[in-house]
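The values are calculated or read from the model by the stated rules, or taken from the named source; none is laboratory data. Just so it is clear, the model here is predicted, and its values are computed rather than measured. Methodologically, a virtual Cβ is constructed for each residue, glycine included, from the backbone with ideal geometry; neighbour enumeration extends over all protein chains shown.
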Amino acid sequence: MLIYYASPRRARSLVLTAESYVFYGWWNPWFTLLMLFTTTLDYICGAWIVREEASRLERKIALSISVASSLSLLGFFKYALFFSESLGTVSSWMGWPTLEPPTFLSSIVLPVGISFYTFQSMSYAIDLYRGDAQRARSFIDFACYVSMYPQLVAGPIVRYSDVAEQLRQRAHTLENFVAGFTRFNYGFAKKILLANPAGSIADAVFEAGSLDAPLAWAGVLGYAFQIYFDFSAYSDMALGLGRMMGFHFPENFNSPYQSKSLAEFWRRWHISLSTFLRDYLYIPLGGNRKGAGRTYANLLFVMLVGGLWHGAQWTFVAWGGLHGLVLAAERWSKGYFAPRGLTLPRPLAWAVTMTVVLAGWVLFRAPDFGSAMDIFRALIGGGEKGVATEVLTATVLTSRGLAILGLCSVMIFLPNSATWLRRLNGWKVASGLLLLFVSVRVMGLQGHNPFLYFQF
């Protein structure tokens with residue numbers, strides 16, 4: 001940040017780009033070449049698309065190259081081994097000769113954030129083709145947009161049109177800096193003080209061999225709180241860092257656990273992804289314009305893709321399928337599993353929504369379907385209780401563990417970071433500084449601080 005502010009105003013996008021590449025390359029320098037390749041190719045394709053003398057066929061070819069290259073890179077690094085293993089499993093079921101995945105596939109390392117920056121880079125070419133964005137002023141501007149370190153590795157997914165004007169000119173003011181710094185502090189505290197403790201409960205339960213109902217519910221709730229406070233905390237920090245440099249990124253969360261339907265949940269959860277899938281997949285497939293049956297099929301397909309986007313594993317696909325089926329059922333009933341034309345009371349609608357969401361999180365967190373079924377059985381009282389269960393209960397369901405779950409349960413109904421910090425005052429800034437101090441001290445006592453969405 002000091003280097004950024006010490007740079008001349010006209011050079012700050014270049015400096016931010018260089019810093020972002022250093023930041024990304026700190027883990028594995030070679031993967032910066034992959035991001036640079038994607039950035040360069042999509043920038044060239046974008047220039048081809050907006051050429052005045054380009055024919056419609058040439059523009060389509062340029063768009064196809066951009067989309068195909070981005071999806072091919074994502075497919076190779078993220079899904080090649082998954083599909084190869086799945087093909088081998090199908091061959092075994094059918095009694096065909098066994099197909100072993102090529103040896104080199106098992107050594108592929110997933111580049112951090114590839115799901116995010118490929119979507120951003122690809123969306124630039126699509127928006128140019130649609131006329132929804134203007135061509136980047138320079139390659140540096142576009143490279144800065146793709147690589148910007150505050151949101152590079154875990155979003156939110158920012159569209160070029162959202163920041164195009166800010167790349168040309170943005171306000172570096174004390175007000176922006178303080179607002180961004182305070183937003184960062186609240187997000188950092190949310191991660192360290194809420195997400196990590198909740199995650200320790202979830203990890204202990206999901207890795208256990210035997211569970212009873214109280215433990216299973218504690219684990220599922222712990223994971224639901226972990227993934228929300230973890231990812232929304234990262235978004236808070238990304239938005240805060242961006243604001244400190246004059247950028248205004250779109251909000252990514254809006255109290256999703258207050259939703260009264262699954263459709264509302266997806267308007268509040270990971271907003272940048274849900275709007276991306278809506279605008280670049282659901283609507284092009286026909287959306288809700290081609291009859292009820294096609295609408296339900298589109299919803300299911302989009303959610304299956306959304307599940308697969310999160311990870312190369314069939315449990316993620318099942319998670320997406322569950323959400324797609326429930327979204328289709330909501331649309332069909334025009335309510336929530338109530339007779340057509342009627343709606344459930346709001347408390348009951350919230351309870352049904354959260355039941356679906358929690359069931360989905362079991363599939364999302366479990367390493368395989370067998371483990372997920374064990375959790376589901378335990379949730380309804382069909383789990384096993386033995387010495388190991390008693391030891392785990394004494395470890396997890398302590399006064400500290402229950403206090404964490406209770407605090408998280410309260411926090412999901414309080415105003416979120418964006419709402420709370422919309423009007424900034426001295427004591428909110430001071431509270432953020434205090435939270436930063438406490439969080440840094442606590443972080444020093446925590447052995448592991450994973451960000452869940454790094455793996456996606």
Single condition Gly180 does not satisfy, out of (1) under 20 Å from the mean Cα position of the chain (by Cα); (2) assigned by TED's automatic domain parsing to the domain that holds Trp217: (1)
Which of the residues spanning segment 157-175 are closer than 14 Å to Leu16 by Cβ and of a type in the set (A, V, I, L, M)? Val158, Val163, Leu167
In segment 435-445, which residue that is under 25 Å from the mean Cα position of the chain (by Cα) and surrounded by 14 or more Cβ atoms within 10 Å (Cβ to Cβ) is modelled with the lowest pLDDT? Met443
Breaking point among (1) farther than 30 Å from Ser399 by Cβ; (2) surrounded by 24 or more Cβ atoms within 10 Å (Cβ to Cβ); (3) not β-branched (Val, Ile, Thr), for Phe229: (1)
Scan (1) farther than 18 Å from Tyr145 by Cβ; (2) surrounded by 12 or more Cβ atoms within 10 Å (Cβ to Cβ) for the single condition Leu14 breaks and write down its number. (1)
Consider Ser399 carefully, then state whether it is modelled with pLDDT of 90 or more and either in contact with a helix residue (DSSP H, G or I) (Cβ under 7 Å, 6 or more places away or on another chain) or surrounded by 12 or more Cβ atoms within 10 Å (Cβ to Cβ) (or both). no
What tally of residues in segment 103-133 results from selecting those that are within 19 Å of Ala47 (Cβ to Cβ) and free of Cβ contacts under 8 Å to residues at least 24 places away in the same chain? 2
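Conditions tested, residue by residue: (1) in a loop (DSSP other than H, G, I, E, B); (2) touching a helix residue (DSSP H, G or I) at 6+ places or on another chain (Cβ under 9 Å).
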{"site": "Gly209", "(1), (2)": "yes, yes"}
{"site": "Ala216", "(1), (2)": "no, yes"}
{"site": "Leu221", "(1), (2)": "no, yes"}
{"site": "Phe231", "(1), (2)": "no, yes"}
{"site": "Tyr234", "(1), (2)": "no, yes"}
{"site": "Phe249", "(1), (2)": "yes, yes"}
{"site": "Glu264", "(1), (2)": "no, yes"}
{"site": "Arg278", "(1), (2)": "no, yes"}
{"site": "Gly293", "(1), (2)": "no, no"}
Applying the selection to segment 201-215, what residues are aromatic (Phe, Trp, Tyr) and touching an Asp or Glu at 6+ places or on another chain (Cβ under 9 Å)? none
Return the pair list, or none, for Cβ contacts closer than 7 Å from residues in segment 167-187 that are free of Cβ contacts under 8 Å to residues at least 40 places away in the same chain to residues that are part of a loop (DSSP other than H, G, I, E, B), at least 6 apart or on different chains. Arg168/Arg137
Pick out the one residue from Ala359, Ala312 that is farther than 17 Å from Gln226 by Cβ, in contact (Cβ under 8 Å) with a residue 12 or more places away in the chain and of a type outside the set (Ser, Thr, Tyr). Ala312
Given the criterion at pLDDT 90 or above, closer than 22 Å to Ser371 by Cβ and in contact with a helix residue (DSSP H, G or I) (Cβ under 9 Å, 6 or more places away or on another chain), identify the matching residue among Val317, Val302. Val317
Would you point out which residue out of Phe364, Phe413 is aromatic (Phe, Trp, Tyr) and surrounded by fewer than 19 Cβ atoms within 10 Å (Cβ to Cβ)? Phe413
Segment 22-47, subset crowded, with 18+ Cβ neighbours inside 10 Å and either part of a loop (DSSP other than H, G, I, E, B) or among the aromatic types (Phe, Trp, Tyr) (or both), residue farthest from the chain's Cα centre (by Cα): Tyr43
Test each condition in (1) surrounded by 23 or more Cβ atoms within 10 Å (Cβ to Cβ); (2) in contact with a Leu (Cβ under 6 Å, 6 or more places away or on another chain); (3) within 18 Å of Ser409 (Cβ to Cβ) for Leu262 and report the one that comes out false. (3)
